[in-house]
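*Asks:* Sharing a structure, written as structure tokens. Questions coming.
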Amino acid sequence: MDAQAGLLFEDASLQNIAQSVGTPCWVTGAGTLRRRTRNLKAAFAASGLNVSLHYAMKANDHLATLTLLRSEGCGADVVSGGELMRALQAGIAASDIIFSGVGKTDMEMALALESGVGQINVESAEEIRRLSNVAVKLRRTARIALRVNPDVDAGTHEKISTGRAHDKFGIAWDDALDIYRDAATLPGIEPVGLAVHIGSQILSPTPYKAAYTRVADLVRELRINGLPVHIVDCGGGLGIRYRDELAPAPAALAGAIRDTLGDCGVKLAIEPGRWIAAPAGVLLSTVIDVKRQSEDAPDLIILDAAMNDLARPALYDSWHGILPVSPERLNAALSPQTVVGPVCESSDVFASSRPLPSLRPGDVVALLDTGAYGAVMSSNYNARPLAAQVMVDHGQWQIIKERQPIEDLWAGETVPQWCHRAPE
Ligand code: LLP
């Protein structure tokens, strides 16, 4: 905080940004992206592990973020043709791209093969057969890793758990050996290894260890059966502190990988998204109104940002810190307030009865740790244009995405003639 400028983000005044650009506005910190990527790499290097880092771009896929992370030496983990095109557009080498995802169309497979992505993570026998057909037609070879489902509960929110037997992701454990063996016989397919990802916002190394222990066992079993395994993709999921969570340090993940897979003689990869990007972003929003409730209920702070901008609280009951950006409000006394967006849904609530400095119409607040799964999950619900985006670095800032023009909301829509017909 600066006595004059209020809340700073990487030395840039958030008040100034809000005044110049308007709100809602996402702000991404270049320095935070860099620092966290370097910290992650350093933690793995300190564990003696050579791990390639494939940023899970679903967390924040802006070209500026991708380009910065590419400059830091990251590859990408993509889950759609669109993400693949974006990663290539940002200059990430196809060979540094892993194509994950539970359902890839033939067209997406062809795009991946033609652009030469380094690895395709496959999730079923059916998908491998389809990939083989596409590869044969294109005279290409798909280097595949089998995403296996280790049946491990990551202990995270129900909606972001992916590694339990009943989740839709991955190949059932008992089928993995047969499917790997069959894949090796298919034309256009080269199985190179295994991939595992058990969920997101994981707050303990224990489920990681359990999953990687199983994967290490499977690597040995495959080899005993004469099948080569060169790569293990350890997935993403490392959690962060949003409120008061005890989030594990990257060293804990590195340790879990080293202790389980370190001796397997495989090339290792990780796919973090949230850990890198979440703390590198805030969402700026202005208080539209303060609605007085009944005497014993907290004031309702109505923001100009809503669940269409930041969907996480409505979807996962997630908690994001909220700070006013002006110096006067930052120091004001706290009282319980409920912070909501203007969208016509009861779930459009950012905070309930939370102690906050008293807010007034016109105040700007920052919703914290919204750099991952923030702007990427925005929609146009309630005909609300997508918010502007800014990137800051060492006190300077630049608009990296203009606020969506209103006319864009109906661009591409056509109205059939019969819609104009009045009742006879
Ligand atoms: N790799 C795979 C195969 C994934 O499915 C995911 C995330 C990641 C890597 C990156 O996970 P991370 O390191 O970011 O936890 N929208 C939700 C999170 C969904 C995560 C989906 N998969 C949220 O806002 O909490």
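*Asks:* Let me confirm something: among D259, D309, D263, which residue is part of a loop (DSSP other than H, G, I, E, B), out of contact with any His (no Cβ under 9 Å at 6 or more places or on another chain) and surrounded by fewer than 20 Cβ atoms within 10 Å (Cβ to Cβ)?
*Replies:* Checking each option against the conditions leaves just D263.
*Asks:* Got a number for residues in the range 270-304 being within 16 Å of the ligand (Cβ to nearest atom) and either more than 17 Å from the chain's Cα centre (by Cα) or polar (S, T, N, Q) (or both)?
*Replies:* Number of matching residues: 0.
*Asks:* Before we move on, is L409 of a type outside the set (D, E, K, R), part of a loop (DSSP other than H, G, I, E, B) and surrounded by 12 or more Cβ atoms within 10 Å (Cβ to Cβ)?
*Replies:* Against the criterion (of a type outside the set (D, E, K, R), part of a loop (DSSP other than H, G, I, E, B) and surrounded by 12 or more Cβ atoms within 10 Å (Cβ to Cβ)), L409 does not qualify.
*Asks:* Quick one: count up the residues across the range 312-341 that are outside any helix (DSSP H, G or I) and in contact with a helix residue (DSSP H, G or I) (Cβ under 8 Å, 6 or more places away or on another chain).
*Replies:* Number satisfying all stated conditions: 7.
*Asks:* Let me ask something additional. Considering the range 306-320 alone, what residues qualify as being small (G, A, S) and within 10 Å of the ligand (Cβ to nearest atom)?
*Replies:* Answer for the range 306-320, where residues must be small (G, A, S) and within 10 Å of the ligand (Cβ to nearest atom): A311, S318.
*Asks:* Assess whether K209 counts as being within 13 Å of the ligand (Cβ to nearest atom), over 19 Å from I120 (Cα atoms) and assigned to a helix (DSSP H, G or I).
*Replies:* Here the answer is no, as K209 does not meet what is asked.
A quick yes/no check of all residues on (1) within 26 Å of the chain's Cα centre (by Cα); (2) within 16 Å of the ligand (Cβ to nearest atom):
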position: A110; (1), (2): yes, no
position: G118; (1), (2): yes, yes
position: S124; (1), (2): yes, yes
position: R129; (1), (2): no, no
position: V134; (1), (2): no, no
position: K137; (1), (2): no, no
position: R140; (1), (2): no, no
position: A145; (1), (2): yes, yes
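*Asks:* Report those strands (runs of 3 or more DSSP E) wholly inside the range 79-184 carrying at least 1 residues which are in contact with a strand residue (DSSP E or B) (Cβ under 9 Å, 6 or more places away or on another chain) and modelled with pLDDT under 95.
*Replies:* 142-149
*Asks:* Here is a list of conditions, (1) away from the ligand (no atom under 16 Å from the Cβ); (2) outside any helix (DSSP H, G or I), and R220 meets all of them except one; can you say which number that is?
*Replies:* (2)
*Asks:* Kindly state which helices (runs of 4 or more DSSP H) lie completely within the range 1-73 and contain at least 3 residues that are in the same structural domain as K267 (by TED's automatic domain parsing) and under 18 Å from V392 (Cα atoms).
*Replies:* Helices (runs of 4 or more DSSP H) meeting the threshold: 30-46, 63-71.
*Asks:* In the list L246, L284, L203, which residue meets the criterion of being among the hydrophobic types (A, V, I, L, M, F, W, C), touching a Cys at 6+ places or on another chain (Cβ under 7 Å) and more than 22 Å from Q119 (Cβ to Cβ)?
*Replies:* Going through L246, L284, L203 in turn, just one is among the hydrophobic types (A, V, I, L, M, F, W, C), touching a Cys at 6+ places or on another chain (Cβ under 7 Å) and more than 22 Å from Q119 (Cβ to Cβ): L284.
Rundown of residues vs (1) hydrophobic (A, V, I, L, M, F, W, C); (2) in contact with a His (Cβ under 9 Å, 6 or more places away or on another chain); (3) without any contact (Cβ under 8 Å) to a residue 40 or more places away in the chain, yes/no style:
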position	(1), (2), (3)
R164	no, no, yes
G170	no, yes, no
G188	no, no, no
G193	no, yes, no
I198	yes, no, no
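*Asks:* Please pick out the residue among C264, C234 that is within 10 Å of the ligand (Cβ to nearest atom) and touching a residue at least 12 places away in the same chain (Cβ under 8 Å).
*Replies:* Every option except C234 fails the conditions.
*Asks:* Run G273 past the list (1) in contact with a strand residue (DSSP E or B) (Cβ under 7 Å, 6 or more places away or on another chain); (2) at positive phi; (3) of a type in the set (G, A, S) and report the number of the one that doesn't hold.
*Replies:* Here G273 meets the rest and fails (2).
*Asks:* Criterion first (within 13 Å of the ligand (Cβ to nearest atom), in contact with a Phe, Trp or Tyr (Cβ under 7 Å, 6 or more places away or on another chain) and either among the β-branched types (V, I, T) or closer than 29 Å to L238 by Cα (or both)) does I198 satisfy it?
*Replies:* no
*Asks:* What's the number of the condition T414 fails, among (1) crowded, with 22+ Cβ neighbours inside 10 Å; (2) in a loop (DSSP other than H, G, I, E, B)?
*Replies:* Answer for T414: the failing condition is (1).
*Asks:* Could you list, in sequence order, the residues of the range 168-182 that are touching a Leu at 6+ places or on another chain (Cβ under 7 Å) and away from the ligand (no atom under 14 Å from the Cβ)?
*Replies:* A176, L177, I179, Y180, R181
*Asks:* Take G281 and tell me if it is out of contact with any His (no Cβ under 8 Å at 6 or more places or on another chain) and more than 20 Å from P385 (Cβ to Cβ).
*Replies:* No.
The values are calculated or read from the model by the stated rules, or taken from the named source; none is laboratory data. Just so it is clear, the structure is predicted and the values come from calculations on it, not from any experiment. Positions of Cβ are backbone-derived with ideal geometry, glycine not excepted, and every protein chain shown enters the neighbour counts.
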